[in-house]
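Input: a single structure, listed below in structure tokens.
No value in this document is a laboratory result; all are computed from the given coordinates. Model, not experiment: these values are computed from the prediction.
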Amino acid sequence: ITKMAEGVPTPQRDPPQGMEPFDRGALSEEQQSKLNQFKVQTRLGNERYLREHPEISCMVSGFLSDVLERKPENIREYAAEYFRNPELPDKVRKEVVAQEEKKRIAAQAKKRL
């Protein structure tokens, strides 16, 4: 990243695909700083939430595994069916318990070393 005359970083790459081009002068330095702080705080909050709710990771990884295995033609329809499945809550609970058990065993093994 190089600095523009106003002190605002200038991206050295193209914007991500599907996004508008960078508008280098849209925000003041103070606004950019506040936006960056907001992004960091949001990311930290999201990470904390995901750590507190391991069932989310179980649902997403289970869904992705099924999609990659079955390769459905209509992914939206498949997703709707997957998440409406009345057996999903039990499946997720069992997976969360299994993951917690793996973590417990790993922690015990680490203590022994």
For K91, counting only lysines whose alpha-carbon sits under 26 Å away and dropping same-chain residues fewer than eight positions off, the answer is K71, K102, K103
Calculated from backbone phi, Karplus (6.51, -1.76, 1.60) coupling profile of the stretch 43-57 in Hz, x at Gly/Pro:
4, 4, x, 5, 5, 4, 4, 5, 5, 6, 10, x, 5, 5, 4
